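Notes follow the structure.
Just so it is clear, none of the values below were taken in a lab; they were calculated from the coordinates. Computed from a prediction, not measured in an experiment: that's the story for all the values here. Positions of Cβ are generated from backbone atoms using ideal geometry, with glycine treated the same way; all protein chains shown enter the neighbour counts.
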Amino acid sequence: MIKKIAFVIAFFCFVFTAAAQPIPKLKMADVVRSFSTKSDSIFVINFWATFCKPCVGEIPGFIKIADKYKKDKVKLLLVSLDLPSFYPKRIATFAAKNNFTTNIAWLNETDADYFCPMIDTAWSGAIPATIMVNTRTGYKKFFEGELNGEQFEAELKKAIGENTTSVTNPKFYMPMNNAKVLEYENENPFAYHGNDAMVTFRSKDSTVFAVTEGKVSTIATIDDIKVVIVEKDSMFYTYSNLKSVLVKRGDKIKADQMIGYAAFDLDSIMPTVDFYMNDPKKSIALSKNNFKPRKNSNGAKDHSFDPMKEPE
C-alpha cells in the first residue's frame, strides 16, 4: 500500500467517465459534498493511483459488481491520488488501457494530514481506501486496504440495506395510508396469482400512492376495475383493483405521487389494492416486511369514505 505523501488530487461535482470525458480535478470538500447530500443513491468512493498495484488489482472487480447493482443506484467513483505530472493524460490513458469504464476524478490536494480526516479520522493515508455511503439509511463505512470481490459485494449489500430501490431487498412505503397487509389462508404474507407474487393492502382511505418513481407504461380496464403499471429501470410495478386513476400512459411520476383511488374488495368491505413487482423475466416475491407504514405523512387530503358509498 502507498503511504501518505503530498498529493495533488481532484474530484467531481458531476459524473464523468474517463474514456469519454476529461477527468475533472476537485478538492476533497467536493468529494465529501457529493456523497453527503441526501439521496437514494449508494455512493462508493475508491481512492487509488496508477502506481498502486493492489489498487489496480481490485478496481475491475469493483466495476463489475457496481454494474451488477446499478438498479440499486450504486454510483462508483475512482479518485486518483496520482502525482500532478500524471494529470490528466497519463491517468486517462491508463484508465482506458485497463478498461476502467466508470467515473474517474483527480484529487487536487497537497496535504494528506488535512484531507484524509475529511473522509475518516482512521485513514492513515494508505491506498487503496474506500468509503461507502447510503444517506437514506445512514450507512457510512470506511475501508483502508484492499477488498476482494467477495468482501466488496458483501459490504455493498450492507450499504444498500433498506434502500427503497433495492431489487434484492426492496423497501417501500405502503401504497395506501394506514393500510393493513392482508394475510392469506396459510399465513403466507403474499399470495400467487398465476406466476405473479401479489401483496394486498386494505385501508379506509381509498387514496393510492406510487411506491416509486417511474413512467406509466400501461393503463388497462378489466370490467370496472383499472390497472396501472409503472416502469422504472426495466422493473414493472403493478397497481390493481383501482376504481379510478389520476395518471395517463406516458406520464412520468414521482414516489408518493397520488395515482388513483382504490375500489372495494370482493366483499365490499373496504378499499383494497393488489400490488405486484416484476422484471421482464420473473416476479419478485414480496411480503409485508418489504413495506413501511404510511400515515398521511405527505400531507395529502384524507380520502376516506363510507364503505357503502362510491369513492370520490
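Values for this structure:
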{"read-out": "Cα-centred dipole magnitude for the stretch 27-101, charges only on beta-carbon of K, R (+1) and D, E (-1), debye, nearest 20", "value": "140"}
{"read-out": "Among the listed pairs Lys27/Lys53; Lys141/Lys281; Lys89/Lys232; Lys157/Lys288, those beyond 26 Å (Cα-Cα)", "value": "Lys141/Lys281; Lys89/Lys232"}
{"read-out": "Ile269 paired with Asn98, simple spin-label distance in nm, labels 7 Å along Cα-to-beta-carbon", "value": "6.2"}
{"read-out": "Residues with amide H under 5 Å from that of Thr212, placed H, sequence gap 5 or more", "value": "Asp256"}
{"read-out": "In Hz, Karplus ³J(HN,Hα) per residue of the stretch 274-286 (6.51, -1.76, 1.60; θ = phi - 60°; x = Gly, Pro)", "value": "9, 10, 10, 9, 8, 9, x, 10, 8, 7, 9, 6, 10"}
{"read-out": "All Cα pairs of the stretch 204-253, percent lying beyond 17 Å", "value": "28"}
{"read-out": "Space enclosed by the convex hull of the alpha-carbon atoms of the stretch 42-121, per residue, Å³", "value": "98"}
{"read-out": "For Tyr173, distant residues with modelled amide H under 5 Å away", "value": "Lys292"}
{"read-out": "Packing rank of 153-160, 205-212, where each peptide gets the mean count of other beta carbons within 10 Å, highest leading", "value": "205-212, 153-160"}
